[in-house]
Amino acid sequence: MNSDTELAPAVQSILAAARERAGGEGVVDVDARSLTDALADAEADGRVPLIAEVKPTSPTAEGTRDDDPVELARAMVAGGAAAISVLTEPSHFGGSPEALTRIREAVDVPVLRKDFVVDEDGMDLVEADLLLLIVRFVDDLESLVAAARDRGFQPLVEVHDRDELETALEAGADLIGVNNRDLASLEVDLETVESVAPAVPEDVTLIAESGVSSPADVRRMREADADALLVGSAIMDHGGDSDVTENTRRLAGAESMDVADSATGSAATDHDGGSQI
Ligand SMILES: O=P(O)(O)OC[C@@H](O)[C@@H](O)c1c[nH]c2ccccc12
């Protein structure tokens, strides 16, 4: 793992809190819903495969959206989301494992647990269909990927550059998220996916993460060969009260001819997402 001192202060504090958090009691055993099936269903239906994220706030968001997480998740599925991501980090993102459990009971699409899991104990906090592992923050990725699979999770391994991609592939990852946001500077650059994607093998599912705010961004990521997109802020519209179903639909419909405003504009507001985590 790289030294924490290179990371943005907000990220250092998130990681410190994650290392202090208690793990689960006992080892979870998940009967997971397949992400690749859900992505294929969306595609067959003419929707852009979207993983929509329930993220009440973030260290740099312009506000908190404190609607019921279950209602938010339902609204995202109604708007065509193929899967749901749920932040379970409590102190910086307003998330909770309980919210994830309630969401997973309420929807029938796969649910990703989005958190800063750094060891096996941290995996056992709550059941989910997918579990995020961030290459930069873990020491022995290969054993964590295996431990996640032993529990029934589909591990989604997050990378930010080609070196990290190499590490992920060597660890046997078959679901890879390329984060457009640099966790050191918190800056977003959609070129990240464009530069890493050509090195991702065909049989690996590539998910473009972060910074997608408009239908044009969606198309740009798809042209870069992303199989799916993970979108939070543009759908949540922190500090606003826009319709989450509509925000989702607008992005999920970005490749359909009949989406009127698909050429320009952002999903909900004209924020640039640049400093949000
Ligand atoms: O809100 P955005 O820019 O659409 O980003 C969503 C998601 O990619 C982002 O929340 C994220 C990606 N990887 C993370 C790791 C931890 C916390 C958050 C994240």
Picking from P97, P110, P90, the residue that is under 26 Å from R47 (Cβ atoms), under 17 Å from the mean Cα position of the chain (by Cα) and surrounded by fewer than 24 Cβ atoms within 10 Å (Cβ to Cβ) would be P110
Restrict the check to segment 155-164 and report whether at least one residue is within 13 Å of the ligand (Cβ to nearest atom), among the aliphatic types (A, V, I, L, M), under 20 Å from V30 (Cβ atoms) and not in a helix (DSSP H, G or I).
yes
Is one or more of the residues making up segment 227-239 farther than 18 Å from K55 by Cβ and at pLDDT 90 or above?
yes
If E43 satisfies all but one of (1) within 16 Å of the ligand (Cβ to nearest atom); (2) free of Cβ contacts under 8 Å to residues at least 60 places away in the same chain; (3) open to solvent by 40 Å² or more (accessible area, probe 1.4 Å), what's the number of the condition it fails?
(1)
Just to verify a result, which residue in segment 52-66, among those that are among the charged types (D, E, K, R) and touching a residue at least 60 places away in the same chain (Cβ under 8 Å), is most open to solvent (accessible area, probe 1.4 Å)?
E62
Residue, modelled with the lowest pLDDT, within segment 184-216, restricted to residues that are assigned to a loop (DSSP other than H, G, I, E, B) and crowded, with 19+ Cβ neighbours inside 10 Å:
L186
Report, by residue number, each residue of segment 46-57 that is within 14 Å of A254 (Cβ to Cβ) and more than 10 Å from the ligand (Cβ to nearest atom).
G46, R47, V48, P49, L50
Looking at V178, V138, can you tell me which residue is touching a residue at least 12 places away in the same chain (Cβ under 8 Å) and under 17 Å from the mean Cα position of the chain (by Cα)?
V178
Of everything in segment 217-236 that's assigned to a loop (DSSP other than H, G, I, E, B) and either among the acidic types (D, E) or more than 14 Å from the ligand (Cβ to nearest atom) (or both), which residue is least open to solvent (accessible area, probe 1.4 Å)?
A224
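The values are calculated or read from the model by the stated rules, or taken from the named source; none is laboratory data. Treat the numbers as computed from the prediction; the structure is a model and nothing was measured. Quick reminder, even Gly has a Cβ in these numbers, built from the backbone with ideal geometry, and neighbours come from all protein chains shown. The area values use the complete protein model at the heavy-atom level, side chains included, leaving out ligands, DNA and RNA. Shrake-Rupley method; radii C 1.70, N 1.55, O 1.52, S 1.80 Å.
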